[in-house]
Every structure is written in C-alpha cells, then in structure tokens.
Amino acid sequence: MKIDKIFIACDHAGVELKVELKEAIKKLGHEVIDLGTNNKNSVDYPDYAHLLASKLEPNCYGVLICGTGIGISIAANRHENVRCAICHDEFTARLAREHNDANVIAFGARVIGAGVATAALETFLKTEFAGGRHERRVKKIELEADK
C-alpha cells in the first residue's frame, strides 16, 4: 500500500488520543501532518473533518478523532473524495480497508482506549483494498455503478 502522507485532526475531545496516534504513525515511518486542534478549548468537529477532507489526494490517508467518532465521520463523509470509517478495533479497521477501501479512519476518544486505537490504526495502514466483488460495491457507494 502506497502512503504519501497521513493527515490527522481532532476536536477538543480527541487531543490526547491524537498525540498517541501521531507517535504510532511516525513509528511506522509515515509522514504525518497535524491539522489541529491542539488544546482542549471547545471547537466544532465539522471544521476539522472538512479541513482534512480538503487536503486528501491520491495515496493520502486521514485520521479523525472526536468524542465518539460519529459526528466527525459523518462530516467527513459529506466529501466526494472521502470514505471514512469509524472503527473500534483491529477487525473493523481491517475490513474498512479490505472491503470498503476507506481512506480515513475515525475514532471516538471517549469510547476507545489509546492501545486499541493504535492497534486499529496500524492495521488500517497496513491493509490493502481487496478489490474484486468489493470494487463493485465501493463504486455503488460513489454512485459510479451502472444502473
């Protein structure tokens, strides 16, 4: 899997988990670009989801964090170039890549511990899209399939 850059962003609830995940990304040898926020002052998660989505290019991936992961993943998925999956463990992270060709992973900092999130992120970044029958389904998500 070719990874040029990994963007990471969070709201105020995700600051601590973001620090842990940035270190994990660096240990894997990837370039990580932090888009904020960097303190616990209240901010709006959609702003960070939209910012990250605006930076994605081919071979770039994203990590988003808010309190539950739900809101930030919904906001990110409003963008045409984003397939964001909220993941809770290595299994969901692997299938997000393998079956759905997700390019952004979301976590809920109030839902998942740093150890589990790190393991899920590492799995996400190491898993290739399986293609095959899954390609047809991903195209249907993108509304590219024949009707």
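The values are calculated or read from the model by the stated rules, or taken from the named source; none is laboratory data. The structure displayed is predicted, hence computed values, not measured ones. All Cβ positions, even for glycine, are placed from backbone atoms using ideal geometry, and neighbour counts span all protein chains on display. For the accessible areas, the whole protein counts, side chains as well, though only heavy atoms, and no ligand, DNA or RNA atoms are used. Shrake-Rupley method; radii C 1.70, N 1.55, O 1.52, S 1.80 Å.
What the table below lists for this structure:
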item: Net charge dipole size for the chain [Lys, Arg +1 and Asp, Glu -1 on Cβ; Debye, nearest 20]; result: 240 debye
item: Mean accessible surface per residue for the chain, computed with a 1.4 Å probe while every protein chain stays in place, in Å²; result: 52 Å²
item: Extension gain (nm, one decimal) between residue 4 and residue 78, 0.36 nm per residue minus Cα-Cα; result: 24.3 nm
item: Helix-only CD estimate at 222 nm, as mean residue ellipticity for the chain, using -39500 (n - 2.57) per DSSP H run (n ≥ 4); result: -12500 deg cm²/dmol
item: Under-5 Å amide H pairs with residue 106, H placed in peptide plane, nonlocal only; result: 64, 85, 86, 87
item: Charge dipole of the chain about the Cα centre (unit charges at C-beta), most positive-ward option of 82, 15, 134; result: 134
item: Fraction of accessible area attributable to carbon and sulfur, segment 3-132 (%, probe 1.4 Å); result: 48 percent
item: Accessible heavy-atom area order of 3, 86, 72, highest first, probe of 1.4 Å; result: 86, 3, 72
item: Two-decimal ratio, the chain, of alpha-carbon radius of gyration to 2.2 N^0.38 Å; result: 0.97
